[in-house]
């Protein structure tokens, strides 16, 4: 009987972990349906990448959180993602995860040390042009 | 003299050879058949983060599994109950030298065209 209760408790704990992992608001999936994609502006100055920092999410302490980003491939560019733990005064705070170097399919995983707001910055170094004003990104945060 | 020259060249070439090993694996999009898998290896540098990503087309669930050189599964991402069940990422920090085998598995009965990379 005790074993059954322990097994049930374990199952519940696993299920709860799945349910509450990632952002407090739940999984975020932004894609190209209904213009719901994330637009990361192209670089307007050499050496200064365009940035999108629209994602400020609350994450729970010790819950694995991840972000996956896929660019529009037109053209493939070296996207970069940076994740900052925001300070109480809303300053950018500490860099907790980053990724680049695999074209426009990138991602990062972090385990928040505390429940806090996290700012996600996506950078696009491709030069601005009328044909390529931004990169349409597919983004999943969970 | 020639022996020293050859030895010097070998020493100089070693980092280049190692650097080739740690280039990311960035394939063209590929299709994984029902319950099939695609695998690659990642060299892994002790103390440094490695990671693998897959984004599928939404038709079936995907999973990523990472095995060390002894065959132990050291990282995975495969929760089929996820709202987005074929966007996967695993990240691990090698405690010892690799190689690490990364498997991208199709967990469903249909085809899934996925984009993936690993480094």
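Every number in this text was worked out from the coordinates using simple rules, so none of it is lab data. Being a predicted model, the structure only gives us computed values, none of them experimental. Ideal geometry is used to build each Cβ from the backbone, glycine not excepted, and the neighbour counts take in all protein chains shown.
List of remarks:
- For segment B:89-119 versus segment A:76-142, the gap between their alpha-carbon centres in whole angstrom: 21
- Short-range pairs are left out: with C-alpha atoms under 8 Å and at least six residues apart, the relative contact order of chain A is 36 percent.
- Take each residue of peptide B:51-60, count the partner chain Cβ atoms within 10 Å of its Cβ, and average: the result is 3.
- Full extension of the chain between residue A:94 and residue A:58 yields a length gain of 11.5 nm, computed as 0.36 nm times the residue separation minus the alpha carbon distance.
- Label point of residue B:93 set 7 angstrom out along Cα-Cβ; within segment A:50-65, amide nitrogens under 19 Å from it belong to A:61-65.
- Residue order, fewest to most beta carbons within 10 Å, for A:56, A:40: A:56, A:40
- Counting Cβ atoms of other protein chains within 10 Å of each residue's Cβ and taking the mean over peptide A:62-74 gives 2.
- Acute angle (nearest 10 degrees) that the helix A:2-20 long axis makes with the longest principal axis of chain A, alpha-carbon atoms: 20
- Listed from fewest to most Cβ neighbours within 10 Å, the set A:104, A:72 follows the order A:72, A:104.
- Sorted by Cβ density within 10 Å, fewest first, the residues A:45, B:115: A:45, B:115
- Other protein chain C-beta atoms within 10 Å of residue C-beta, averaged over B:78-84: 4.
- Taking every alpha-carbon pair under 8 Å whose residues sit at least 6 apart, segment A:21-77 reaches a relative contact order of 41 percent.
- Mean shadow area of segment A:22-141 over all directions, Cα convex hull, nm²: 7.5
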